[in-house]
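To start, the structure itself, in structure tokens.
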Amino acid sequence: MDETLGTALRRWRDRLSPLDVGRAPRPGRRAVGLRREELAELAGLSVDYVVRLEQGRATSPSAQVVASLARALQLRPMERDHAYRLAGLLPPQEGTISTHVPAGVQRMLARLRDLPVGVFSADWTLLSWTPAWAVLLGDPGARTPAERNLVRAVFAAGPAGLAAWPVLPDGDALNPALVADLRTALVTYPHDGALIDLVEELRSASAEFARLWDEGAVGPHVSARKTVVHPEVGEVTCDCDVLTVPGSDIRLIVYTVAAGSTDAEKLEFLRVTGGVRADGSPPSGPGRFSRP
């Protein structure tokens, strides 16, 4: 009997431990691996859609959906390509930017869930993030992949970048480094149509990007301090570091704060409350930590 996408999804879901995605198994839990609800949340899909996929009632998922499921299920590259074929799609082609997040990086994120960490592809599109990232900077889940591109956000959407509220950088080293990264990516992936379109779009939309690109700007990523102006707790000043994953074009942005500081207290408050006020409403104005 030929394997279907639905049977493969169930098999991959059953083999994945909740601990691998940062979920502590509850007493009396009967599910061997991930529940459908957990997979849906991790992949940014509705539970109903995951059920229909597994039951074979949804038979034409998009490449974006398959990529999201592959990341959530921590598939290896060959398994990811198999998922694409089962969905009737061509796997990502050689010479194009990969959106695959290695399983080791996914497991690391699960254990770093209390730190704001974002995982980015070679063109600086946000692929995965920790819960702490979402409460500090705003949940990116409702945004499209195009809206989750950091370079587009920085040069075309203002200084906040991917955040839902202002982020004030200390210095201007980031912009040349991002342009240099895109230039390197274009050399590495010269046939990636989406990357070529992104560069042309930003050259037209941003005079600063066009100038840095034409000047051949280069600049390494360096540690920096950024102040997040959060609507619930006010200013949170963090150290921001960019880490690379050897053997892949995946980059991690990590925000940290000094232990015992007021910033650490604010971040812990956001982590515990999920950035939601006691009455259940989302943040909308100055909070308990804000300065008068």
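The single condition from (1) in a strand (DSSP E or B); (2) over 20 Å from the mean Cα position of the chain (by Cα); (3) at pLDDT 95 or above that V254 fails is (2). Where helices (runs of 4 or more DSSP H) fall wholly inside the range 1-109, the ranges with 2 or more residues that are touching a helix residue (DSSP H, G or I) at 6+ places or on another chain (Cβ under 8 Å), farther than 30 Å from Y255 by Cα and not small (G, A, S) are 5-15, 47-54, 77-86. Could you grab the pairs with beta carbons closer than 8 Å, sequence gap of 6+ or different chains, first residue in the range 7-21 and under 8 Å from G33 (Cβ atoms) and touching a residue at least 40 places away in the same chain (Cβ under 8 Å), second one open to solvent by 30 Å² or more (accessible area, probe 1.4 Å) and part of a helix (DSSP H, G or I)? Taking only residues 6 or more apart or on different chains, the pairs are R13/R36. Across the range 143-166, what is the total count of residues that are modelled with pLDDT of 90 or more, open to solvent by less than 20 Å² (accessible area, probe 1.4 Å) and over 23 Å from V218 (Cα atoms)? Going through the range 143-166 one residue at a time, the tally reaches 0. Taking residues in the range 244-270 that are free of Cβ contacts under 8 Å to residues at least 24 places away in the same chain, and partners anywhere that are assigned to a helix (DSSP H, G or I), the pairs with Cβ atoms closer than 6 Å and at least 6 places apart or on different chains are V257/D263; V257/A264; V257/L267. Here the range 179-206 is the region considered, the condition is being part of a loop (DSSP other than H, G, I, E, B) and open to solvent by 30 Å² or more (accessible area, probe 1.4 Å), and the residue that is farthest from P220 (Cα to Cα) is H191.
Inside the range 19-49, residues that are of a type in the set (V, I, T), at pLDDT 90 or above and open to solvent by 70 Å² or more (accessible area, probe 1.4 Å) make up a count of 0. Can you tell me which of Q55, Q64, Q93, Q74 is within 21 Å of the chain's Cα centre (by Cα) and either under 28 Å from V179 (Cα atoms) or open to solvent by 70 Å² or more (accessible area, probe 1.4 Å) (or both)? One residue alone meets the criteria, Q64. Among the residues of the range 119-140, are any in a helix (DSSP H, G or I), out of contact with any helix residue (DSSP H, G or I) (no Cβ under 9 Å at 6 or more places or on another chain) and either modelled with pLDDT of 90 or more or under 23 Å from T188 (Cα atoms) (or both)? Yes, that holds for at least one residue.
What residue, among those in the range 232-247 that are within 27 Å of D123 (Cα to Cα) and part of a strand (DSSP E or B), is most open to solvent (accessible area, probe 1.4 Å)? Checked the range 232-247; the qualifying residue most open to solvent (accessible area, probe 1.4 Å) is T244.
Residue by residue, here is whether (1) closer than 21 Å to G275 by Cβ; (2) crowded, with 20+ Cβ neighbours inside 10 Å holds:
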residue	(1), (2)
G104	no, no
R107	no, no
P116	yes, yes
V119	yes, yes
P131	yes, no
G141	yes, no
P169	no, no
A177	no, no
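In the range 74-94, the residues that are in contact (Cβ under 8 Å) with a residue 60 or more places away in the chain form Cβ pairs under 6 Å with partners that are of a type in the set (G, A, S) and open to solvent by less than 100 Å² (accessible area, probe 1.4 Å), at six or more places apart or across chains, as follows: A83/A70; L86/A8.
The values are calculated or read from the model by the stated rules, or taken from the named source; none is laboratory data. Note that the structure is predicted; figures quoted are calculated from it, not measured. Here Cβ is always computed from backbone atoms with ideal geometry, including for glycine, and neighbour counts include all displayed protein chains. To get the accessible areas, we keep the full protein, side chains included, count just its heavy atoms, and leave off ligands, DNA and RNA. Shrake-Rupley method; radii C 1.70, N 1.55, O 1.52, S 1.80 Å.
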